[in-house]
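Just so it is clear, none of the values below were taken in a lab; they were calculated from the coordinates. Bear in mind the structure is a predicted one, so any value in this text is a computation, not a measurement. Here Cβ is always computed from backbone atoms with ideal geometry, including for glycine, and neighbour counts include all displayed protein chains.
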Amino acid sequence: MLDMDKEEEVLVLAIESSCDETAASVVRNGREVLSNVIYSQIALHTVYGGVVPEIASRKHIEKINQVIEQALLEAGKKLEEMTAIAVTYGPGLVGALLVGVSAAKAISFASGIPLIGVHHIEGHISANYIENKELEPPFVCLVASGGHSHLVLVKDYGEYEIIGRTRDDAAGEAFDKVARAIGLGYPGGPKIDMVSKEGDPEAVHFPRAKVAGAEYDFSFSGLKSAVLNYLNSCEMKGEKVNAADVAASFQKAVIDVLVEHSIHGVRQYGYDKFAIAGGVASNSALRAALERECQKNGIRFYYPSPKLCTDNAAMIGAAGYFEYKKGVRHGFDLNAVPNLRLGEGIR
Ligand code: KG4
Ligand code: ZN
């Protein structure tokens, strides 16, 4: 039977390759994930203590077609059934981005299916639409990943205003650097998250940085230096370092700042909904602290499950859907833009 009120089915094949995950996904109508395939290169980069861009690009080339085919297979769909192809075109590592962008352009050219370039951060934010079916803008979103720490007003689908950003290191970057210093290895975030459960967050007092004249901006490099100084001074004095206490105290310092800025921003701008996104958003202590503070302040709190916080293509499919609905289409001149700013798309 024909249902005249049924919304047109929009199937987006999404591709993400901006850093060290080769990912593809099929998303229906922006909120329903039919497949979410992620080939993680983390094990490859661990031996170097961080992502090696050249190795990442080469591995993306090796894996991209396989991952795309797997995404279609798991979704039970054929390429011809796709309404659009969405791909991350920035920000990220240029060589890594180029692999996804080239694959998407080639598939779009060969099939005639429209191409949509997606901003990686818009993808992270849009991960919230997948499991929170009722979530609609406006809301405030804290995006904390390995490369970014942004406090963003999501005014409408695809309409953003950044009210706070980091002046130096991103939150995830600080997690990774501190983890390396206390011997936990890469990637540091999940390891610090785990180890901190055994430590005392009040054991060492680390600074909570404020940026003069920019109340929502972040700065994490001073905190990172404070941890390094603490470790050095322990070594000079011959004192044994309790890694769990240092991890927990560092984590608490990051969380205090993220929570304070976020709640303050939501209240000052008069919003009543708040969401988190990016790899650091999967941090268990951060989620617990935000849950508590949002409840205290009458703010509705949204978060994606951890698999949708770290890099994936389902979030790009969600963002791509809303861009598609707005009429955004890109030409074959779409290029990788490593330092692409939010809201500065090539339209
Ligand atoms: O969003 P993402 O996967 O990639 C970027 O776009 O950067 O974020 C990766 C970052 C890494 O710095 C990683 O250490 C951090 O997210 N991260 C975490 C946790 N899981 C990942 N940080 C704190 N706690 C976690 N549980
Ligand atoms: Zn990311």
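When +1 charges are put on Lys and Arg Cβ atoms and -1 charges on Asp and Glu Cβ atoms, the dipole computed for segment 1-124 relative to its Cα centre reaches about 400 debye. Overall, the chain carries a charge dipole of about 420 debye about its Cα centre when +1 sits on the Cβ of Lys and Arg and -1 on the Cβ of Asp and Glu, all other atoms neutral. Considering only lysines 8 or more places apart in sequence, or on different chains, count the pairs in segment 137-303 whose C-alpha atoms sit under 15 Å apart. For segment 137-303, qualifying lysine pairs total 8.
Relative contact order (percent) for the chain, with alpha-carbon contacts under 8 angstrom and 6 or more residues of separation? Once normalised by length, the contact order is 24 percent.
First check a/c for the chain, with a ≥ b ≥ c the square roots of the eigenvalues of its C-alpha gyration tensor; if it is under 1.5, answer rounded, and if not, answer prolate when a/b is larger than b/c or oblate otherwise. It comes out prolate by the Cα gyration axes. Rounded to the nearest whole Hz, the Karplus-based 3J(HN,Hα) values (6.51 cos²θ - 1.76 cosθ + 1.60, θ = phi - 60°) of segment 173-181 follow the sequence 4, 5, 4, 5, 5, 5, 4, 5, 5, with x at glycine and proline.
Per-residue Cβ neighbour counts within 10 Å put Ile263, Ile42 in the sequence Ile42, Ile263, beginning with the fewest. Each Lys or Arg adds one and each Asp or Glu takes one away; over the other residues whose Cβ falls under 11 Å from the Cβ of Pro304, this sums to +1. The fewest-to-most ranking of Phe139, Phe250 by surrounding Cβ atoms within 10 Å reads Phe139, Phe250.
Charge dipole of segment 137-303 (Cα centre as origin; +1 on each Lys and Arg Cβ, -1 on each Asp and Glu Cβ, all else neutral): 80 debye, rounded to the nearest 20.
Counted over segment 137-303, the DSSP beta bridges are approximately 60% antiparallel.
For the chain, the antiparallel share of DSSP beta bridges with both residues in that region comes to about 60%.
Axis of helix 314-325 versus longest Cα principal axis of the chain: the two differ by about 50°, to the nearest ten degrees.
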